[in-house]
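Let me begin by presenting the structure, written as structure tokens, before commenting on it.
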Amino acid sequence: TEIQSAGRIQEQGVRYTLAVASRQDMNREVVKTDCASARIPELDFEIPAFSQKGVLTTIEGIIDRAVAGLEQDQPARRATDKEVARKIDEFIGKLRQLKEVNSPFTFILDDPSGNSFVENPHAPQRDEALVVTHYRRSPQQSALLGLEGEEVDAKPRDAAEDLRDEVLQFNTNCPECNAPASTNMKLVQIPHFKEVIIMATNCDSCGHRTNEVKSGGAIEPRGTRITLRITDPSDMTRDILKSETCSVEIPELEFELGMGALGGKFTTLEGLLKDIRDLVEKNPFTLGDSSTPSRTGKLQEFIGKLQDVKGKTQAHVIMDDPAGNSYLQNVYAPEEDPELRVQRYERTFEQNEELGLNDMRTEGYETEVASGR
């Protein structure tokens with residue numbers, strides 16, 4: 001009746017606790033794998049894991065097998081150590097008395113692999129005498145089963161570390177043609193700044209591509225005003241992180257892009273100027289059929305000047321972010337950039353109101369909520 005498990009190791013271990021109270025309980029079928037241990041607490045008796053082969057038997061059969069194992073070397077013990085042999089004979093007598101069930105006892109079958117079984121004769125109804133407990137294996141039990149043996153002492157990986165190395169993907173619809181598309185999301189650490197979340201959508205149907213950036217950190221204690229003087233075409237390749245709360249100003253063109261326009265962007269300075277141009281050109285209220293010739297002329301002139309900024313005309317780009325979550329690359333880092341100036345300033349009441357900070361409380365609110373109830 002020897003058995004070997006043909007299935008996989010289960011997700012959790014299993015423990016069967018049976019209160020044996022009658023001869024009928026001794027006839028319950030038992031599947032005991034080689035990695036399962038059996039105990040009878042009343043006799044302080046245990047059959048350790050991996051000490052026997054797996055077997056299909058009954059409760060009585062497990063006791064008979066234990067008795068046979070103890071009697072196997074008794075003749076030799078009686079000749080060499082009579083005291084030990086006498087004690088084992090006494091214990092064998094106690095095991096045989098269990099088969100008569102003169103008094104109830106407890107039988108416990110514990111299998112970390114989850115592949116052992118004790119019969120419930122009342123199935124599918126519940127058996128009041130049988131308690132089945134599923135549990136999570138310990139690292140030591142996993143090592144005995146050959147699972148994660150090398151990683152028992154290894155430190156568990158941080159969930160945030162896993163996210164940094166993984167690109168998350170979720171389904172969405174294209175904002176242009178509404179066809180099914182996928183959005184990729186990843187945590188990115190910007191050098192000399194902070195962590196941000198970049199979300200990029202690429203539509204296979206119409207070819208539309210877009211990206212959006214969310215700040216991965218908290219609102220800074222002070223606002224940030226970044227001023228860059230464009231002196232060389234290479235400045236167009238500087239990385240820019242523009243948060244949703246950042247406004248952009250180009251004084252030479254008398255141009256200002258308000259907070260919230262274009263959303264969050266992680267791009268280059270050239271990419272930001274291109275997005276500004278597209279925003280102006282694709283606005284139906286500025287260059288559409290209903291626009292006046294004078295307005296159209298002014299906007300065309302502005303687009304021409306914006307094109308000249310790309311290395312032909314010296315200009316200043318000012319990024320003002322009350323939340324302090326915007327960034328413009330310093331190509332000389334960690335040294336100071338002579339063309340880049342970063343100012344920290346205290347937010348006004350109106351700026352805090354726009355960010356929702358005036359009514360936000362992160363400390364002491366628990367006691368007020370409790371007293372209000």
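Do we find that E60 is within 19 Å of F107 (Cα to Cα) and surrounded by 12 or more Cβ atoms within 10 Å (Cβ to Cβ) in this structure? Yes; evaluated as a whole, the condition is true for this residue.
So which residues in the range 194-203 are part of a loop (DSSP other than H, G, I, E, B) and closer than 12 Å to T183 by Cα?
Across the range 194-203, the qualifying residue is only C203.
Hey, does the range 2-22 have a residue that's over 39 Å from the mean Cα position of the chain (by Cα), outside the structural domain of S103 (by the TED database) and open to solvent by less than 60 Å² (accessible area, probe 1.4 Å)? Yes.
Each residue in the range 66-92 was checked for being surrounded by fewer than 16 Cβ atoms within 10 Å (Cβ to Cβ) and farther than 22 Å from S103 by Cβ, and 16 of them qualify.
Does T224 count as modelled with pLDDT of 80 or more and crowded, with 17+ Cβ neighbours inside 10 Å? In short, yes. Check the range 24-36 and report whether any residue there is among the polar types (S, T, N, Q), open to solvent by 40 Å² or more (accessible area, probe 1.4 Å) and within 21 Å of F117 (Cβ to Cβ). Yes, the range 24-36 contains a residue that is among the polar types (S, T, N, Q), open to solvent by 40 Å² or more (accessible area, probe 1.4 Å) and within 21 Å of F117 (Cβ to Cβ).
Which one is surrounded by the most Cβ atoms within 10 Å (Cβ to Cβ) among residues in the range 304-351 that are assigned to a strand (DSSP E or B) and among the hydroxyl-bearing types (S, T, Y)? Among those residues, the one meeting the criterion is Y327. Which condition number does N211 fail, the rest of (1) in contact with a strand residue (DSSP E or B) (Cβ under 6 Å, 6 or more places away or on another chain); (2) in the same structural domain as L306 (by the TED database) being met? With (1) in contact with a strand residue (DSSP E or B) (Cβ under 6 Å, 6 or more places away or on another chain); (2) in the same structural domain as L306 (by the TED database) applied to N211, the lone miss is (2). Going through the range 37-49 one residue at a time, which ones are more than 12 Å from D110 (Cα to Cα) and open to solvent by 80 Å² or more (accessible area, probe 1.4 Å)? Hits for the range 37-49 are E42, D44.
With respect to P338, determine if the residue is modelled with pLDDT of 85 or more and farther than 19 Å from C246 by Cα.
For P338, the condition - modelled with pLDDT of 85 or more and farther than 19 Å from C246 by Cα - is met.
I want to confirm something. Restricting to the range 120-135 and keeping residues that are open to solvent by 60 Å² or more (accessible area, probe 1.4 Å) and modelled with pLDDT of 90 or more, which single residue is nearest to A19 (Cα to Cα)? Result: V131.
The values are calculated or read from the model by the stated rules, or taken from the named source; none is laboratory data. The model shown is predicted, which means the values in this text are computed figures rather than measured ones. Cβ coordinates were reconstructed from backbone atoms using ideal geometry, including for glycine residues, and neighbour counts include every protein chain displayed. Surface accessibility is based on the protein's heavy atoms, side chains included, excluding ligands, DNA and RNA. Shrake-Rupley method; radii C 1.70, N 1.55, O 1.52, S 1.80 Å.
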